[in-house]
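What follows is a set of notes on a single structure, which appears directly below.
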There are 2 protein chains.
Amino acid sequence: MKDIPHTLTTGGLPASRKVYHPGTLHELRVPMREIDLNGEEPLTVYDSSGPYTDPAARIDIARGLPETRGGWLQARGDVQEYTGRTVTDADNGFANGARLTPAFPQPRAVLRATDDRAVTQLGYARAGIVTPEMEFAAIRENEGRLAAHTRDGDPMGATLPDLVTPEFVRDEIAAGRAIIPANINHRELEPMVIGRNFKVKINANIGNSAVTSSMEEEVEKMVWAIRWGADTVMDLSTGRNIHNIRDWIIRNAPVPIGTVPLYQALEKVGGIAEDLTWEIFRDTLIEQAEQGVDYFTIHAGVRLHMIPMTARRVTGIVSRGGSIMAKWCLHHHRESFLYEHFSEICDICRKYDVSFSLGDGLRPGCIADANDEAQFAELHTLGELTKIAWARDCQVMIEGPGHVAMHKIKANMDEQLKHCDEAPFYTLGPLTTDIAPGYDHITSAIGAAMIGWFGTAMLCYVTPKEHLGLPDRDDVKTGVITYKIAAHAADLAKGHPGAQRRDDAISRARFEFRWEDQFNIGLDPDTARDMHDETMPADAHKVAHFCSMCGPKFCSMKISHDIRAEAEKREGMDRMAAKFREGGELYVPEPSE
Amino acid sequence: MKDIPHTLTTGGLPASRKVYHPGTLHELRVPMREIDLNGEEPLTVYDSSGPYTDPAARIDIARGLPETRGGWLQARGDVQEYTGRTVTDADNGFANGARLTPAFPQPRAVLRATDDRAVTQLGYARAGIVTPEMEFAAIRENEGRLAAHTRDGDPMGATLPDLVTPEFVRDEIAAGRAIIPANINHRELEPMVIGRNFKVKINANIGNSAVTSSMEEEVEKMVWAIRWGADTVMDLSTGRNIHNIRDWIIRNAPVPIGTVPLYQALEKVGGIAEDLTWEIFRDTLIEQAEQGVDYFTIHAGVRLHMIPMTARRVTGIVSRGGSIMAKWCLHHHRESFLYEHFSEICDICRKYDVSFSLGDGLRPGCIADANDEAQFAELHTLGELTKIAWARDCQVMIEGPGHVAMHKIKANMDEQLKHCDEAPFYTLGPLTTDIAPGYDHITSAIGAAMIGWFGTAMLCYVTPKEHLGLPDRDDVKTGVITYKIAAHAADLAKGHPGAQRRDDAISRARFEFRWEDQFNIGLDPDTARDMHDETMPADAHKVAHFCSMCGPKFCSMKISHDIRAEAEKREGMDRMAAKFREGGELYVPEPSE
């Protein structure tokens, strides 16, 4: 594979160093990012970008990332190697010859649970085992903190400990309130935890291009999204080569990879929804589980009797998976095979520890359809399915809307908490208005920040191109940064201990005119620096005690410094005057009269 | 002035027509925008863009806009023409020769109240008079609706009538809950109302360039901001030529213009805050009132005893006006002249109907400083000042923060409502996190949407360049569109009757694959169309029943239509079957046994 040009974006962000924190219970190297500051201790922040931002890492996508989890799995002794399913032409959308993306070149073991052993993180948590995955995720959550920080927020029912311990992660997973998506066949993973009592996470969607693209290009989409902070990535590819491309992505992914297996199953029946069968779907689940997909979106909540509830909607069914299943149900006039075979799906997920992301196939597609009968009927079914999955030790999160005006957002969270027993909520936005195509990252960031505060554990990003076309590189970055903002605003509002550290650090830098620190602490140092340099490009201005916005005469920060200096001077004089008066009393008083 | 090149952006938005609605009580031409749709009635929307988007209007910035209000003022018979103050060199920052921007060339009358007559909208409202300004503003609020529409929302204490009548506007103004900023010397104005029980408004800030720019360029900044939806514009210019540039702007502004007179006063004393005097400030107020400034930001709430409260803040005082006054107070160690002379300021504002925008000089400049002692102490003082202004029939709104994490936003609104007796709140954002320089339009849109829902009447925009540099044309547009999103999301959440019309119209267009309608109903048709065309440029694709995002096989909307067709077919069969059974009963039953 020498002929693959190396086109990945690598190297650290400005002024940043990759550091690795050790484990206490397990031998771990947990990656964090340290941002160097001028005159302050370096700031440690969460880092989902993987080895790509470590200059010391050897990156070769044809080898994939190191299988860090290999030893952990072996040590548990409950998995077995076996000969996986044979890849068929249909798996790759019947691509062949020059149009076929090459298979990932390294041979690798395919694992599954031995007998009916529960090899899921939920299974271990229930058995009281603190896995390396749990400790890894716990260490990341503290962002290098060793002590509690400012507590200021309204947790809205969340329970946020001062410091996240591995045992706390175990507890949360055992209770079903959190998941660590970690397929035993994705051994390249850097584990992370999704739950209401942890930092709010974000997901970025990627998909293959219509024109044949190279493996590097497909891997780069994932690398680019995690560079800016995506915590998980969903591969929503369709059409040709999806099996092989998925392999390349997972082998090079330090973050959990999610998919919607229904998309691939539909490809296998030539795009005819009615022709889908349980057997084809089941085979697709096994195919993807063997590859290492960490979570599956399963639209098992769309039931036959709910479909008429969407008839009077303004925009009908807008979930692709939901509409495919609705069409199937209506055509055959029978219950969805996903619902009927849900226990069997659980058996497969249990064998590989694929987490469920129970899809909201009936989510609203516009403001008018929000919180309607169809949406909540499905949510209640997702609650039932959660219990079935939990009974089989499967990890579960629940997908949520979509398009919801602000006053209806809280009800979504409340209903989800109530009916799904606090299983993590994973929402798309929601968009708070539909009147701004081209700006739906913003219409949805408003809703995302709010629902994140209310308790949503992971926010699925929306890019500026939503409803209009496929996002390009810039759109993906804008979407990720926008959602990092929403997630962080939610952490601040919940009072996540330590969340405010980064705000305080940037505020101090701002007040002290440390421009470079301001840029580097920010979510997107490059853009901040470029914007600043447009009007004040010279290096001298990077240390100027004012900026182009107000100029020196009007700079409130500069005046604030003057005020402080003046106040201190005055205070000094007052102190001296007081001392003098004090002293006066100590000495012999002047004779009166 | 023939040599002034015509460089303004004029012409309507795509598929849009300017229409004028008549008054009932007064002879009025209230401008609205009608968007033509395919197969639906045109959609009428609020239009703040003025004559610039009317192809029939004759635009000549050297003549200014028509003085529509001239007749209204004459009819009231309570104002007198007089010889205004003489413009001095200091008014223009001592610009001269080639560096002096020419004065506005048309002679015009300067008006003030006769004797002590209350010529303010509040004065009229209290006297039971429904002015043309009130009727004008009322008609706009209904956006062409003649009937109530969907009521769905949580008004959070707001009282939103099904239709806004001129009498309702009068009531709200009389109660101090709303203002119509409308200086009697700004007769070119298209009046609009700011209040919690009306549509949420947005303000855009503009300022002169450091390098000498032409009058067209300065006017164009305002024209550009209102084209995208700014309801008011604040001219925050400093330095040279500000008097003359302000004249050009006001003479060509259909929207209220706000200023911070302190900035100009500071210029007159060479930028030395300590050298400011009440006399210089007073003279500046009269200068700007005679020009027609519609609202003044006055930082009279910053009192001497509050300054030490900012000493332990992370970012001190970040309001320019606040820091200037704090410096003055500290230097002289005496109470602010704005506070001490507040009654006299009211007398000036009363004479011209300049509305107050009571400035929040002690607003927080970072997450850590939000809702602190200094901020709320000042807010309480603003409440006192409100009562003083109201006693003199002056219209008042109150400025608010700033930088506030989500969980502290509601308290800002609650405190403001409580201490300022429901005078309209006018907030800057607030930014919900500080960690994203370059994206502060987004960090603040989250807070703006929320506080708008909670009751804020006007939102001051923030552009992507906030904290980094001066916004360019694209930044201004991005800021305005972002804030239109926040304001509209707030209207939807409050349940503003009619707000959802536009969302529903775009949702129907989306479901019916009317791409052109989707673009044109949106806040930024150009950007939406460009984004769509990047991946599906051909005209044929503008009528395609799918798009580039999912393709035809995966298009949920297309499948939804198939489902509906199938459901209808099935329903048709069921109906026929039912009829057959029914018919069977009407005929002779088969003999049983």
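The values are calculated or read from the model by the stated rules, or taken from the named source; none is laboratory data. Because the structure is predicted, anything quoted here is derived from the model rather than measured. So basically every Cβ, Gly included, is an ideal-geometry build from the backbone, and we count neighbours across all protein chains shown.
Results for (1) farther than 16 Å from A:Leu358 by Cβ; (2) aliphatic (A, V, I, L, M); (3) out of contact with any strand residue (DSSP E or B) (no Cβ under 9 Å at 6 or more places or on another chain); (4) within 14 Å of chain B (Cβ to nearest Cβ), shown as yes or no for each residue.
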site	(1), (2), (3), (4)
A:Gln264	yes, no, yes, yes
A:Ala273	yes, yes, yes, yes
A:Ile298	no, yes, no, no
A:Arg313	yes, no, yes, yes
A:Gly316	yes, no, yes, yes
A:Gly321	no, no, no, yes
A:Cys329	yes, no, yes, yes
A:Ser336	no, no, yes, yes
A:Ser343	no, no, yes, no
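Restricting to the range B:403-435, name every residue that is closer than 19 Å to B:Ile481 by Cα and within 14 Å of another protein chain (Cβ to nearest Cβ). Those that are closer than 19 Å to B:Ile481 by Cα and within 14 Å of another protein chain (Cβ to nearest Cβ): B:Leu428, B:Gly429, B:Pro430, B:Leu431, B:Thr432.
Determine if the range A:6-21 includes at least one residue that is among the basic types (Lys, Arg), touching a Gly at 6+ places or on another chain (Cβ under 8 Å) and either touching a residue at least 60 places away in the same chain (Cβ under 8 Å) or not in a loop (DSSP other than H, G, I, E, B) (or both). Yes, the range A:6-21 has at least one match. Checking every residue in the range B:442-454 against the condition of being over 21 Å from B:Asp231 (Cα atoms) and within 8 Å of chain A (Cβ to nearest Cβ) gives at least one match. Per the listing B:Thr150, B:Thr131, the residue uniquely among the hydroxyl-bearing types (Ser, Thr, Tyr) and touching a Phe, Trp or Tyr at 6+ places or on another chain (Cβ under 6 Å) is B:Thr131.
Across the range B:275-296, the number of residues qualifying as outside any helix (DSSP H, G or I) and either at pLDDT below 95 or more than 14 Å from every other protein chain (Cβ to nearest Cβ) (or both) comes to 6.
Suppose we keep only residues that are of a type outside the set (A, V, I, L, M), assigned to a helix (DSSP H, G or I) and under 18 Å from A:Ser48 (Cα atoms) within the range A:517-534. Which one would you say is farthest from the other protein chains (Cβ to nearest Cβ)? Among them, the one singled out is A:Asn520. Residues in the range A:79-112 that are surrounded by fewer than 17 Cβ atoms within 10 Å (Cβ to Cβ) and of a type in the set (A, V, I, L, M) were compared, and the one that is farthest from A:Leu189 (Cα to Cα) is A:Ala98. Within the range B:253-274, the set of residues being more than 17 Å from the chain's Cα centre (by Cα) and outside any loop (DSSP other than H, G, I, E, B) comprises B:Pro261, B:Leu262, B:Tyr263, B:Gln264, B:Ala265, B:Leu266, B:Glu267, B:Lys268, B:Ala273, B:Glu274.
Each residue in the range A:232-252 was checked for being under 16 Å from A:Phe296 (Cα atoms) and either within 14 Å of chain B (Cβ to nearest Cβ) or touching a strand residue (DSSP E or B) at 6+ places or on another chain (Cβ under 9 Å) (or both), and 11 pass. Among the helices (runs of 4 or more DSSP H) confined to the range A:319-405, the ones with at least 1 residues that are under 19 Å from A:Asp294 (Cβ atoms) and among the polar types (S, T, N, Q) are located at A:373-391.
Filtering B:Arg29, B:Arg69, B:Arg76, B:Arg33 for residues that are surrounded by 18 or more Cβ atoms within 10 Å (Cβ to Cβ), charged (D, E, K, R) and closer than 17 Å to B:Arg187 by Cβ leaves a single hit, B:Arg69.
If I filter the range B:145-162 down to residues being among the hydrophobic types (A, V, I, L, M, F, W, C) and surrounded by 14 or more Cβ atoms within 10 Å (Cβ to Cβ), which single residue comes out as nearest to the other protein chains (Cβ to nearest Cβ)? Across the range B:145-162, the extreme among qualifying residues is B:Met156. Report whether or not B:Ala411 is in a helix (DSSP H, G or I) and surrounded by fewer than 24 Cβ atoms within 10 Å (Cβ to Cβ). So B:Ala411 fits the description; yes. Of all residues in the range B:22-33, those satisfying the criterion of being farther than 12 Å from B:Thr53 by Cα and either within 21 Å of the chain's Cα centre (by Cα) or assigned to a loop (DSSP other than H, G, I, E, B) (or both) are B:Gly23, B:Thr24, B:Leu25, B:His26, B:Glu27, B:Leu28, B:Arg29, B:Val30. The set of residues in the range A:195-250 that are within 20 Å of the chain's Cα centre (by Cα), of a type in the set (Asp, Glu) and under 23 Å from A:Asn96 (Cβ atoms) comprises A:Glu218, A:Asp235.
The residue list A:Ile280, A:Ile272, A:Ile257 contains one member that is free of Cβ contacts under 8 Å to residues at least 24 places away in the same chain and either in contact with a Lys or Arg (Cβ under 6 Å, 6 or more places away or on another chain) or buried (at least 23 other Cβ atoms within 10 Å of the Cβ) (or both), which is A:Ile280. Is it true that B:Cys346 is more than 30 Å from A:His496 (Cα to Cα), buried (at least 24 other Cβ atoms within 10 Å of the Cβ) and either of a type in the set (Asp, Glu) or modelled with pLDDT of 95 or more (or both)? Answer is no for this residue. Scanning the range A:308-330 for residues that are free of Cβ contacts under 8 Å to residues at least 60 places away in the same chain and among the aliphatic types (A, V, I, L, M) yields A:Ala311, A:Val314, A:Ile317, A:Ala326, A:Leu330. Among the conditions (1) among the acidic types (Asp, Glu); (2) in contact with an Asp or Glu (Cβ under 7 Å, 6 or more places away or on another chain); (3) surrounded by fewer than 22 Cβ atoms within 10 Å (Cβ to Cβ), the only one that B:Asp526 does not satisfy is (2). Being of a type outside the set (Asp, Glu), surrounded by 24 or more Cβ atoms within 10 Å (Cβ to Cβ), assigned to a helix (DSSP H, G or I) and modelled with pLDDT of 95 or more is the requirement here; does B:Gly438 meet it? Answer is no for this residue. Take the residues in the range A:36-61 that are buried (at least 18 other Cβ atoms within 10 Å of the Cβ) and in a loop (DSSP other than H, G, I, E, B); name whichever of them is farthest from the chain's Cα centre (by Cα). Looking at residues that are buried (at least 18 other Cβ atoms within 10 Å of the Cβ) and in a loop (DSSP other than H, G, I, E, B), I get A:Leu37. Within the range A:225-238, the set of residues being over 20 Å from A:Tyr295 (Cα atoms) and either charged (D, E, K, R) or surrounded by fewer than 21 Cβ atoms within 10 Å (Cβ to Cβ) (or both) comprises A:Arg227 only. Just so you know, in the range A:461-479 the residues that are aliphatic (A, V, I, L, M) and facing another protein chain (nearest Cβ under 9 Å) include one that is surrounded by the most Cβ atoms within 10 Å (Cβ to Cβ), and it is A:Leu468. Taken over the range B:480-495, the criterion of being more than 7 Å from chain A (Cβ to nearest Cβ), surrounded by 24 or more Cβ atoms within 10 Å (Cβ to Cβ) and more than 16 Å from the chain's Cα centre (by Cα) is satisfied by B:Lys494 alone.
In the range A:187-198 there is no residue that is among the hydrophobic types (A, V, I, L, M, F, W, C), modelled with pLDDT under 95 and either closer than 21 Å to A:His21 by Cβ or surrounded by 24 or more Cβ atoms within 10 Å (Cβ to Cβ) (or both).
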